[in-house]
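One structure is given here, and the rest of the page talks about it.
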Amino acid sequence: MKAFLKQQRLVAFFVLAFALSWYPWVLALMQRRTSGPNPLGPFVAAIVLTAVVYGRRGLREFFRRIIHWRVGARWYAVALGMPVAICLIASTITLCCLPHTQIAPLSLEKICELPERFLFILLFIGLGEEPGWRGFALPELQTKHSSLNASLILAPVWAIWHLPLIGNEFQWPIVAPFVLSVFGATFALTWIFNGTKESVLLTMLMHATVNTVAAGLMFPLFFSAALVALWWTYSVLWLLTGLSLLLFCTNKDVRAATPAVVSAA
């Protein structure tokens with residue numbers, strides 16, 4: 001079994017990550033209810049596979065990525081500022097294209113809740129997902145594929161992982177733009193991960209900022225057709241930004257494909 005897991009470690013990770021994430025949804029469906037995925041599934045799956053395949057040395061490297069914070073101020077500015085900028089630009093474009101759109105007022109209470117919301121998302125959703133998708137799966141993919149191809153493989157898997165939220169948190173009119181935004185975010189996160197020499201912490205910060213600002217603050221202000229228009233604008237901006245960064249702004253000195261952790265032999 002250990003030899004099989006070493007040989008098929010990426011497939012095993014995906015299977016285990018989905019199993020550990022989707023079990024609340026499956027149990028809820030059996031009771032004719034609905035539930036979202038457990039965000040901690042990818043994190044736990046990555047720890048298990050790293051321990052089995054790479055041992056203690058691999059675990060040390062895995063956790064080093066999560067706490068790797070010495071990356072330079074500009075990367076923090078990018079991780080925290082890019083999601084805010086894209087959200088503001090998308091909202092502005094939507095309001096300019098639909099000038100008679102009625103939006104909900106932005107309350108001071110919601111703004112005051114942002115730090116607490118950000119911290120919760122960072123330590124639950126960001127920590128649950130990013131060490132798995134970026135900390136384990138992406139380095140494994142980049143041992144055989146370029147950063148672009150690795151992202152193109154990872155993005156649909158990450159999008160499918162959100163299936164329990166379809167029809168619930170993500171209503172059907174916004175499913176397509178949501179999937180598009182996942183591809184754009186995947187490109188951007190790959191660029192940040194490689195550019196910071198494998199800092200999962202920075203990808204966690206960007207993930208938490210995206211969910212806090214977009215889903216927690218701006219999207220609830222829009223309704224009906226305006227919300228759908230905002231989603232499409234937002235998603236196209238993410239796709240163009242992420243793809244441009246990955247294709248044209250990647251540091252040529254950063255490795256495009258290196259061994260994931262240590263030798264699995």
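Okay, here's what the table says:
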| read-out | value |
| --- | --- |
| For the chain, with +1 on Lys and Arg beta carbons and -1 on Asp and Glu, the positive-most of Gly242, His68, Met82 along the dipole | His68 |
| Computed over region 1-136, the ratio Rg/Rh where both radii use C-alpha atoms and Rh is Kirkwood | 1.09 |
| Dipole magnitude (debye, nearest 20) for the chain, charges at Cβ of Lys, Arg, Asp, Glu | 920 |
| Kirkwood hydrodynamic radius over Cα pairs of region 89-144, then Stokes diffusion coefficient at 20 °C and 1.002 mPa s, in µm²/s | 144 |
| Heavy atoms of Leu40: accessible area, 1.4 Å probe, square angstrom to 10 | 60 |
| Gyration tensor over alpha-carbon atoms, region 44-83, equivalent ellipsoid semi-axes in Å | 28, 12, 5 |
| Cα-centred dipole magnitude for region 1-69, charges only on beta-carbon of K, R (+1) and D, E (-1), debye, nearest 20 | 200 |
| Cβ-placed point charges (K, R +1; D, E -1), dipole of region 113-183 about Cα centre in debye, nearest 20 | 260 |
| Ratio of Rg to Rh over region 176-240 (Cα coordinates, Kirkwood Rh, two decimals) | 1.03 |
| From the C-alpha gyration tensor of the chain, square roots of 5λ in Å | 31, 22, 16 |
| Segment Ala176-Phe120, length gained on full extension (0.36 nm per residue, minus Cα span) | 17.4 nm |
| Segment Phe4-Trp69, length gained on full extension (0.36 nm per residue, minus Cα span) | 20.0 nm |
| Solvent-accessible area per residue, Å², over the chain with all protein chains present [probe radius 1.4 Å] | 49 |
| Surface accessible to a 1.4 Å probe, Ser244 within the full protein complex, Å² | 50 |
| Residue among Leu246, Leu106, Leu95 with the largest mean-square fluctuation in a Gaussian network model of the chain, springs linking Cα atoms under 10 Å | Leu106 |
| Cleavage-rule hits (chymotrypsin sites (Phe, Trp or Tyr not before Pro)) in region 1-106: DSSP loop, at most 16 neighbouring Cβ within 10 angstrom | Trp69 |
| Accessible-area composition of region 178-217, carbon plus sulfur, in percent [1.4 Å probe] | 75 |
| Between 0 and 90°, nearest 10: helix 147-161 axis offset from the chain longest Cα axis | 70 |
| Options Ser151, Phe222, Pro173, ranked by Cα towards positive dipole end of region 84-229, top entry (Cβ charges) | Ser151 |
| Environment charge at Thr186 (Cβ cut-off 13 Å; Lys +1, Arg +1, Asp -1, Glu -1) | -1 |
| Exposure rank, largest accessible area first [His68, His100; 1.4 Å] | His100, His68 |
| Protection-proxy order for peptides 192-199, 127-134, 165-172, 203-210, each taking the mean of Cβ atoms within 10 Å per residue, highest first | 127-134, 203-210, 192-199, 165-172 |
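The values are calculated or read from the model by the stated rules, or taken from the named source; none is laboratory data. What you see is a predicted model, and the numbers here were worked out from it, not measured in a lab. When we count neighbours, we look across all protein chains shown, and the Cβ atoms used for this are built from the backbone with ideal geometry, even at glycine. Surface areas here come from the heavy atoms of the whole protein model, side chains and all, with no ligands, DNA or RNA. Shrake-Rupley method; radii C 1.70, N 1.55, O 1.52, S 1.80 Å.
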